[in-house]
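Below is one structure, written out as structure tokens, with a few remarks after it.
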Amino acid sequence: MTFRHFSIAVALLFVQPYAAAQTPADIPAAHFAELPGFTGAKLSPDGKYLAYLYPIEGRWFLVVHDLATQTNFRIPPPGELDYRWLRWANDHTIVYSLVFSAERDLTETTETRLIAFDVNTKENKSIIIPAEKTGGVGSRTAREKYANAQFQADVIDWLPNEPYHVLVALDEDQDGTDEVRRVDIRTGKFKIVQRWASGVQHYMTDQAHSVRVAWGINNIQETTLAIKTTDGEWVNHNGSDWYQQGWFPQGFSSDPELLYVAGIAANGRAAYALLNTDTGDLGDPITADPNVDMGALIEHPWTGQPFGISYMSRTGGKIHFLDDKFGGLYRAIGKALPGTANRIASVSADERKVVVVASSEREAGMVLIWDRNAGTMDPFGWYYQQLDPEQMSPVRAISYEARDGTLIPGFMTVPLGTEAIELPAVVLPHGGPHARDDGSFDYLAQFLASRGYLVLQPNFRGSTGYGAAFESAGRNQWGGLMQDDVDDGAQWLIDEGYAEADRVAIAGWSYGGYSAAMGLIKSPDLYQCGVGINGVYNLPQVIVDDQ
């Protein structure tokens, strides 16, 4: 029994899921290529509304759904601007970011804007207003205002106890240094709560919503990392041993003295530790599996309090819980939804309503609403509502030996209903290259499998998640060791009898596109076809662009 066959208690905005095809090959290619059906689903603090982004005719629309009346309304994107993310500031106000392309001094730029939308009045209002310039001669100069800041949507704290204010970092005078504003989302009026001399673009607050960490880089490439003690003193940590060793702030614990930092532990794996901001002492590494890297710090969707650390084990995504309360919520969800990776995407302020996203290697994502008072957990919609997971292909975690004996992990997707015996195959190296495939739903791998292809996704050296040494082994190895690992994966498919020797292709995008081209150059007898999608081919130009 899959999710698609649950009885649906919640009315969906659009059509019901696609009826299961007779075979995967019957599924139209367009259904794999659709934009995911839901992005950024967020509950209002009172739990009455669910807001999310939904694709309509290739553009994201903001949708607000009334959970009591099962009605909704849509807010189309304005002109050429696109929605980037959304968040409820209070029971009736959504704050969202818009992104668009512009030009400044004959240079193409990407710009962001911060908008507040009132669900009662249906009014949009820009909440970042230019500040007045200071200094100069006479009253005329005093009345002049700065031009719009390029980036206006860096909200560093949502101030959950102040429903009409947020903290925003922005560079109002465009001098390369951000300041922090406390902004009234009703009027745009603001107060500067933190300035810096030069070279700081980022800030972090503690659980009392006080600015406590500042970092960035100045115009001569000097870095700054400063942390405020609980006594209010800013301390520069550029020379601190822990910072020199690569540890970096991630978020404050409930104790104002203790800050979670991430870095590389003695075993070569990414880990977390608690830094005492008053003494500078670094605690013991926090890790869950000594064989894999710890991932991202997971924060409470409403308060921002860290409650867990994600990591990817061989069997899938997991969470190391720092807060047993949220661990209990996840365990309850796991009992209701066994066999899937489950994520809490949003909660009401009282935590009685919870938005859950359930996914697996065959289900891209299902959005459910858990009403803890009513004792129900009902499906609301799907990321790919036209794709039935029962028609998707199984994914196996695999590993193979590279030519130098190093074990290379990866994933293999086998067409549904077939055995992995001398099948046509596609090797699909990931982009990045400092990234990884994790065995979760991959629309391209599933599309290829639906057409009868075996798909191999190798995590060649240079991939993240397997320790610093494994990742570092890929540095300066474009077309070298990293490509050997990919080609060795193709040869492994043939040697093991999984793939037919004269029917192997290689494809990828970004770095994967480069790898596809290099595979044809280095191993022309191994591949019969190569496909590069937005590949990176002009490496000298890449170096120039990154400077």
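The values are calculated or read from the model by the stated rules, or taken from the named source; none is laboratory data. On a predicted model such as this, the values are computed, not experimentally measured, just so you know. Glycine gets a Cβ as well: all are built from the backbone with ideal geometry, and neighbour counts include every protein chain shown. When the accessible area is computed, the model is the full protein with side chains, heavy atoms only, and any ligands, DNA or RNA have been set aside. Shrake-Rupley method; radii C 1.70, N 1.55, O 1.52, S 1.80 Å.
Remarks
- Counting Lys and Arg as +1 and Asp and Glu as -1 over every other residue whose Cβ lies under 12 Å from the Cβ of R181, the net charge comes to -3.
- Karplus-based coupling profile of the stretch 432-440, in residue order and whole Hz: x, x, 7, 8, 6, 8, 10, x, 7, with θ = phi - 60° in 6.51 cos²θ - 1.76 cosθ + 1.60 and x standing for Gly or Pro.
- Cα long-axis angle, helix 324-336 against the chain (0 to 90 degrees, to the nearest 10): 40
- Of interest is the spacing of the C-alpha centroids, which for the stretch 179-213 and the stretch 104-120 amounts to 19 Å.
- Range of Cα positions in the stretch 77-119 per principal axis (Å), largest first: 42, 16, 13
- Against the main long axis of the alpha-carbon atoms of the chain, helix 511-522 sits at an angle near 30°.
- A straight Cα-to-Cα reach below 19 Å connects K228 with the aspartates and glutamates D157, D178, E179, D206, D241, D255, E257, D278, D281, residues fewer than 8 places away in its own chain not being considered.
- Counting only protein heavy atoms and using a 1.4 Å probe, the accessible area of S440 comes to about 60 Å².
- Derived scalar couplings between HN and Hα for the stretch 116-132 equal 10, 10, 9, 5, 7, 8, 6, 9, 9, 8, 5, 10, 10, 10, x, 7, 7 Hz in order, rounded to whole Hz, by the Karplus curve 6.51 cos²θ - 1.76 cosθ + 1.60 (θ = phi - 60°), x for Gly and Pro.
- Evaluated over the stretch 434-518, the Cα radius of gyration and Dmax, each in Å: 13.2, 37
- Surface composition of the stretch 192-243: carbon plus sulfur atoms contribute 45% of the solvent-accessible area (1.4 Å probe, protein chains only, all chains present).
- Over the stretch 260-411, relative contact order from alpha-carbon pairs under 8 Å, at least 6 apart, %: 10
- Average accessible surface area per residue within the stretch 427-531, 1.4 Å rolling probe, Å²: 36
- Carbon and sulfur %, accessible surface of the stretch 346-385 computed with the full protein complex present, 1.4 Å: 37
- Whole-percent carbon and sulfur share, accessible surface of the stretch 269-331, 1.4 Å: 50
- Around S101: net Lys/Arg minus Asp/Glu count, Cβ-Cβ under 9 Å: -4
- The alpha-carbon atoms of the stretch 276-420 define a convex hull whose volume equals 156 cubic angstrom per residue.
- Over the Cα atoms of the chain, the radius of gyration divided by the Kirkwood radius equals 0.97; this is the Rg/Rh ratio.
- FRET efficiency, R352 to Q221 (Cβ-Cβ, R0 60 Å, nearest 0.05): 0.75
- Average projection area in nm² (convex hull over Cα atoms of the stretch 106-223, one quarter of hull surface): 9.8
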